[in-house]
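Heads up, the thing below is written out as structure tokens.
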Amino acid sequence: MVEAVRRGGSQRRVARAFGKSRSTLQWWLRRVAGRPLDQVDWSDGSSRPHRVANRTHPETELAIIACRNRLKESSSLGFYGAEAIREALLHEDFVNGVPHVRTIGRILARNGILDGRRPVRRTAPPPGWYLPRVALGQVELESFDVIEGLSLDGCGEVDVLTGRALWGPQTIAWPVSALNAKRVIDRLLDHWQTNGLPTYAQFDNDSRFGGPANSPGTVGQVSRFCLSLGVTPVFAPPRETGFQAAIESFNGLWQAKVWERFHGEGVSLLRAASDRFIAAYIQRLAPRCERAPYRRAFPRDWKLNLQARLAGRIIYLRRTDDSGTAFFLGQRFAIDPGWVYRLVRCEVDITRNEVRCYRLRRREPKVQPLIRAVAYHVPRRRLMLD
């Protein structure tokens, strides 16, 4: 366009021929300014203004830095942050005006003289990262928990057994006046007969799930029930956040949408209200069925026998202590003296009479090396029923 104008063409006619406006052509002519076209920089320039209108005066920035150094070295209080600098400058004869606290903070950050460090926010690991096949979405993990401390008029305290699948829409919430291991088994039996069996069932360390912790080697009734169906029980580490986050979030949702809105009397009415909520909630999560992993059908010829010979695996997620040992099955296992206060996944293989321990790190969820394998025999003893 510029060359055509230089050859004597009309600006309006040249702009129309190239499909541009005349103001665009005039802007390019001002940019060329009579120079040869091969000497013109045709790259897009920055739209940043040459001078920021509200930029703090350089002398003010130097005064702020000098005031900070002075407060840091000689202040009686020892405070030399943005608020302390502003308070000190307000007591001085400052010609250009004292900037606000946030402006002073930006000046300090721009000059690289802040002592504090910004927190490093790393990417969260995928759901179920501590079980590789679950993290890939190949198998299902169901988490179960108990809501305690609810008091119902005329019935006393009420416990609620809750459960939620990680990938699928399967969810349960079952209020009962007194929850024990036998009632947990009865509810899981009904739930899995209807929805199929997951690969993993995750629990916390409640004695109703894991059995008594003061008897070494004891496998609880719920664990025996899961093993008899080929479901691997997984026990979350005590006092650790994140592993039971999904079910804890659902517990809060159930209390907000069912318990706080319930005004009747009796566990049966509460259970009916809970069933209506669960039915609507599962319908809301119905689209998750498309990406949910396969669940095994409940075996037809299965019979409950808690005294049968055990087989399969039990997984304990634990954090080691200062000596690199982990506590599960009522006893301590030496893991690795160099892996202290760290997460491990301990797989008790009852069939092979072995305990395998794997390192776990949230920063590297895909790297889970085996650090130790020890021989272990689960004691064969008669199970104490509730």
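The values are calculated or read from the model by the stated rules, or taken from the named source; none is laboratory data. Small disclaimer: the values here were computed from a predicted structure and weren't measured. Don't worry about glycine lacking a Cβ; one is built from the backbone with ideal geometry, like all the others, and counts go over all protein chains shown.
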- Would you pick out the residues in segment 136-160 that are part of a strand (DSSP E or B) and under 19 Å from residue 233 (Cα atoms)? 141, 142, 143, 144, 145, 146
- Item | Boolean, residue 272 is loosely packed, with under 11 Cβ neighbours inside 10 Å, in a helix (DSSP H, G or I) and small (Gly, Ala, Ser) | no
- Residue check, residue 309 surrounded by 12 or more Cβ atoms within 10 Å (Cβ to Cβ) and either modelled with pLDDT under 95 or over 26 Å from the mean Cα position of the chain (by Cα) (or both): no
- Answer yes or no as to whether residue 264 is of a type outside the set (S, T, N, Q), under 22 Å from the mean Cα position of the chain (by Cα) and not in a helix (DSSP H, G or I). no
- Restricting attention to segment 161-199, and to residues there that are of a type in the set (D, E, K, R) and not in a strand (DSSP E or B), which single residue is surrounded by the fewest Cβ atoms within 10 Å (Cβ to Cβ)? 190
- Message: Would you confirm whether or not segment 59-75 contains a residue that is assigned to a loop (DSSP other than H, G, I, E, B), exposed (fewer than 10 other Cβ atoms within 10 Å of the Cβ), assigned by TED's automatic domain parsing to the domain that holds residue 103 and at pLDDT 75 or above?
- Response: no
- Which of the residues spanning segment 225-259 are under 22 Å from the mean Cα position of the chain (by Cα) and of a type in the set (D, E, K, R)? 239, 240, 248
- Task: Answer yes if at least one residue in segment 144-156 is buried (at least 21 other Cβ atoms within 10 Å of the Cβ) and either hydroxyl-bearing (Ser, Thr, Tyr) or under 13 Å from residue 267 (Cα atoms) (or both), and no otherwise.
- Result: no
- Message: Name the single residue that is farthest from residue 367 (Cα to Cα) among those in segment 318-327 being in contact (Cβ under 8 Å) with a residue 24 or more places away in the chain and touching a Lys or Arg at 6+ places or on another chain (Cβ under 6 Å).
- Response: 326
- residue 314, sole failed condition from (1) within 26 Å of the chain's Cα centre (by Cα); (2) exposed (fewer than 14 other Cβ atoms within 10 Å of the Cβ); (3) of a type outside the set (Ser, Thr, Tyr): (2)
